[in-house]
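K.L.:
Following this message is one structure expressed as structure tokens.
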Amino acid sequence: MAAAPTSSSLIKVSALCGSLRKGSYNRGLLNAVIDISKTCKGLEVEYVDISGLPFLNTDLEVNGTYPPAVEAFREKIAAADSVLFASPEYNYSVTGPLKNAIDWASRPPNVWADKTAAIVSAGGGFGGGRSHYHLRQIGVYIDLHFINKPEFFLNAFESPAKFDSDGNLHDDLTKEKLKAVLLSLYGFTLRLQSKSA
């Protein structure tokens with residue numbers, strides 16, 4: 001596991017959930033990450049809601065501007081150093097709401113470019129894992145730089161239960177695995193920032 005953050009640099013992470021469902025297990029993962037980040041000096045994780053974004057439609061772009069909800073979303077991504085995606089797998093791929101958000105933020109100027117990113121997922125079977133590979137492919141084109149390890153796929157339906165009835169994560173081992181992802185993202189972000197300085 002990567003060492004806990006000790007740098008004076010503050011790394012800002014935007015956390016996006018691909019599921020809009022109330023009580024989503026993936027939102028539960030992000031809530032846990034936000035709690036974990038409060039114990040890691042140098043890390044700030046903010047949940048960024050994508051539920052209010054309209055469907056991508058270039059008719060909504062007027063004189064180089066976007067609808068207010070899109071502008072606000074793009075500003076959040078632009079201000080972040082890193083992005084953490086938590087999303088289930090729909091039909092072997094990323095969810096529609098998440099793809100819509102990615103597409104809006106990639107419109108000129110592409111606000112994803114040169115940021116670091118990580119993916120976590122919860123679901124049935126493979127735990128949402130196949131969606132990771134499509135998200136990584138998208139990242140190539142929009143210039144997102146994903147950590148390679150650790151990978152995080154959680155079968156949310158295996159016994160013993162990892163979440164309560166409201167979607168809150170209560171499994172300590174899973175929380176440790178999330179922390180490992182977060183610390184890896186932190187370290188990778190600092191390395192890329194130092195190379196570009």
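The values are calculated or read from the model by the stated rules, or taken from the named source; none is laboratory data. Predicted model only: the values in this text are computed from it and were never measured. A quick note on method: Cβ atoms are made from the backbone with ideal geometry, for glycine too, and the neighbour counts reach across all protein chains shown. These area figures cover heavy atoms from the full protein model, side chains too; ligands, DNA and RNA do not enter into them. Shrake-Rupley method; radii C 1.70, N 1.55, O 1.52, S 1.80 Å.
K.L.:
Using the structure shown, decide if residue 192 is surrounded by fewer than 19 Cβ atoms within 10 Å (Cβ to Cβ) and not hydroxyl-bearing (Ser, Thr, Tyr).
P.N.:
Yes; evaluated as a whole, the condition is true for this residue.
K.L.:
Of 166, 172, which residue is modelled with pLDDT of 95 or more and of a type in the set (Asp, Glu)?
P.N.:
It is 172.
K.L.:
For the range 145-183, give me the residue count where each residue is among the charged types (D, E, K, R), touching a Ser or Thr at 6+ places or on another chain (Cβ under 9 Å) and open to solvent by less than 70 Å² (accessible area, probe 1.4 Å).
P.N.:
From the range 145-183, those among the charged types (D, E, K, R) are 149, 151, 158, 162, 164, 166, 171-172, 175-177, 179; that's our starting set.
When the remaining residues are screened for being touching a Ser or Thr at 6+ places or on another chain (Cβ under 9 Å), the result is 149, 162, 179.
Next, only the ones that are open to solvent by less than 70 Å² (accessible area, probe 1.4 Å) stay: 162, 179.
Selection size over the range 145-183: 2.
K.L.:
Among the candidates 124, 187, 128, 96, single out the residue that is closer than 22 Å to residue 49 by Cβ and touching a residue at least 24 places away in the same chain (Cβ under 8 Å). Reasoning before the result, please.
P.N.:
Numbers: 124 fails: closer than 22 Å to residue 49 by Cβ; 187 fails: closer than 22 Å to residue 49 by Cβ; 96 fails: touching a residue at least 24 places away in the same chain (Cβ under 8 Å).
Checking each option against the conditions leaves just 128.
K.L.:
Looking only at strands (runs of 3 or more DSSP E) that lie completely in the range 14-132, which have at least 2 residues being at pLDDT 95 or above and either of a type in the set (Lys, Arg) or open to solvent by 50 Å² or more (accessible area, probe 1.4 Å) (or both)?
P.N.:
The qualifying strands (runs of 3 or more DSSP E) are 43-47.
K.L.:
Scan the range 86-107 and give yes if some residue there is in contact with a Phe, Trp or Tyr (Cβ under 8 Å, 6 or more places away or on another chain), within 26 Å of residue 32 (Cβ to Cβ) and of a type in the set (Ser, Thr, Tyr), otherwise no.
P.N.:
Scanning the range 86-107, I find no residue that is in contact with a Phe, Trp or Tyr (Cβ under 8 Å, 6 or more places away or on another chain), within 26 Å of residue 32 (Cβ to Cβ) and of a type in the set (Ser, Thr, Tyr), so the answer is no.
K.L.:
Another question, then. Could you tell me whether the range 59-81 includes any residue that is without any contact (Cβ under 8 Å) to a residue 40 or more places away in the chain and touching a Gly at 6+ places or on another chain (Cβ under 7 Å)?
P.N.:
yes
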